[in-house]
Amino acid sequence: MTGAPARRPARVVLEGRHIDVRPFDVDLHAADLFAASHGGAAQAALWDYLSVPPFPDLEAFRRSYAEAAQKDDPLMFALVDRAGGKAVGHATYMRIEPAHRVIEVGNILYTPALQRSPAATEAMYLMARHVFEDLGYRRYEWKCNALNAPSRRAAARLGFTYEGLFRQHMIVKGRNRDTTWFSLLDTEWPRAKAAFEAWLAPDNFDQDGRQKRRLEDIRNDLEKETP
């Protein structure tokens with residue numbers, strides 16, 4: 001037996017040291033996120049693998065995100081930098097199946113201000129911890145366009161296991177999408193959690209903010225220590 005159904009995620013706040021995961025509020029988050037995700041080549045590239053294109057102006061952005069923020073699946077959260085108080089990304093819980101205790105993290109947008117930072121990793125840690133420890137899911141999924149090499153690398157780095165390729169899975173923006181599937185299971189979460197927390201610890205960073213040990217190496221060392 002695998003127990004009772006999981007709980008559906010709600011619009012709660014997940015607080016971290018560097019980042020807060022907050023229910024997306026257009027009035028609070030849209031202007032900052034639009035400014036951080038539009039305006040240059042680096043920002044334009046953020047939209048390559050999302051289902052929507054870059055937006056021509058803030059008003060168009062607000063209209064689209066106001067609609068998205070009302071949905072329960074996908075359930076959208078803003079990623080808010082604690083130091084500056086500004087939204088620097090977003091992510092959603094999606095394809096939510098409480099009866100099977102399966103849920104996916106997706107629609108992830110990390111602006112340049114968030115990319116390759118401790119806050120970026122902490123956001124995924126907070127969302128995973130909530131899924132497993134508060135809501136009772138047993139399978140946490142990550143899917144991405146097979147051409148999206150940064151997303152594939154991120155999934156592996158965060159501890160998700162590659163499960164395969166769904167060929168001609170979708171048509172997005174008029175183009176074929178082959179989809180790679182990854183998962184993290186509840187039985188794998190304790191080691192993944194320990195690795196996240198060891199990596200995020202202040203003593204894992206030098207005075208210039210550079211990591212001393214990689215997340216993957218910490219997780220691999222923990223696996224070797226497991227009897």
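The values are calculated or read from the model by the stated rules, or taken from the named source; none is laboratory data. Bear in mind that the values here come from a model prediction, so they are computed numbers and not experimental data. Don't worry about glycine lacking a Cβ; one is built from the backbone with ideal geometry, like all the others, and counts go over all protein chains shown. In case anyone asks, the SASA skips ligands and DNA or RNA and just uses the protein heavy atoms, side chains included. Shrake-Rupley method; radii C 1.70, N 1.55, O 1.52, S 1.80 Å.
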Once the whole set of protein chains is in place, how much accessible area is left on ASP32, using a 1.4 Å probe, in Å² to the nearest 10?
50 Å²
Pairwise centroid distance, computed over Cα atoms, of segment 191-215 with segment 145-165, Å:
21 Å
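Based on the mean of other beta carbon atoms within 10 Å per residue, what is the order of 198-209, 100-111, most packed first?
Working: 198-209: 12.0, 100-111: 20.4.
In descending order of packing, they fall as 100-111, 198-209.
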On each of the three principal axes of the Cα atoms of segment 1-43, give max minus min coordinate, whole Å, ordered largest first.
52, 23, 22
How high is the relative contact order of segment 1-153, in percent, with contacts defined as C-alpha pairs under 8 Å that are six or more residues apart?
28 percent
Please give the length that would be gained between GLU59 and LYS173 if that part of the chain were fully extended, namely 0.36 nm times their separation in residues minus their C-alpha to C-alpha distance (nm, one decimal).
38.9 nm
Angstrom value of the Kirkwood radius, inverse mean 1/r, which spans all Cα pairs in segment 184-227:
11.0 Å
Put +1 on the Cβ of every Lys and Arg and -1 on every Asp and Glu Cβ in the chain; which of THR92, LEU14, VAL26 then has its Cα farthest towards the positive end of the dipole?
THR92
Summing +1 for each Lys or Arg and -1 for each Asp or Glu, what net charge is found among the other residues whose Cβ lies under 11 Å from the Cβ of VAL131?
0
Once the mean 1/r over all distinct Cα pairs of segment 27-141 is inverted, what Kirkwood radius in angstroms do you read off?
14.9 Å
With a 1.4 Å probe and all protein chains kept in place, how much accessible area does VAL13 have, in Å² rounded to the nearest 10?
70 Å²
Check: the chain dipole with +1 on Lys, Arg Cβ and -1 on Asp, Glu Cβ, in debye:
480 debye
Mind putting a number on the dipole of segment 56-117 about its Cα centre? Charges go on the C-beta only, +1 for Lys and Arg and -1 for Asp and Glu, and I need it in Debye to the nearest 20.
220 debye
Determine the per residue accessible area of segment 102-141 with all protein chains present and a 1.4 angstrom probe, expressed in square angstrom.
32 Å²
Quick one: among GLN211, GLN70, GLN168, which has the greatest mean-square fluctuation in a GNM of the chain with alpha-carbon springs under 10 angstrom?
GLN168
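Find how much the distance from ALA45 to ALA83 grows on full extension, using 0.36 nm per residue of separation minus their present alpha carbon separation; answer in nm with one decimal.
On the way: separation 38, 0.36 × 38 = 13.68 nm, distance 2.56 nm.
11.1 nm is the gain from fully extending ALA45 to ALA83.
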Net +/- balance of residues flanking LYS224 in space, Cβ distance below 12 Å, scoring K and R +1, D and E -1:
-2
From the protein chains alone at 1.4 Å, what is the descending order of accessible area for LYS71, LYS193, largest first?
LYS71, LYS193
Would you work out which of ALA146, TRP181, GLY136 lies farthest towards the positive end of the dipole of segment 130-210? Charges go on Cβ: Lys and Arg +1, Asp and Glu -1.
ALA146
Going by average Cβ density within 10 Å per residue, which order do the peptides 34-41, 53-60 take, highest to lowest?
34-41, 53-60
LEU109 neighbourhood, Cβ < 15 Å, K/R = +1, D/E = -1, net charge 0
With viscosity set to 1.567 mPa s and temperature to 4 °C, compute the Stokes-Einstein D of segment 117-227, Rh being the Kirkwood radius across alpha carbon pairs; µm²/s, no decimals.
85 µm²/s
How long are the three semi-axes of the equivalent ellipsoid for segment 128-183, computed from the Cα gyration tensor as the root of 5 times each eigenvalue, in whole Å, largest first?
24, 12, 9
Length gained, ALA31-LEU165, 0.36 nm per residue minus C-alpha separation, equals 44.6 nm
Relative counts (whole %) of C-alpha pair distances in the chain, using bins that are 5 Å wide
1, 6, 14, 18, 20, 18, 13, 7, 2, 1, 0, 0
Per the helix-only model, the chain has a calculated mean residue ellipticity at 222 nm (DSSP H runs of ≥4, -39500 (n - 2.57) each, divided over all residues, rounded to the nearest 500) of -9500 deg cm²/dmol
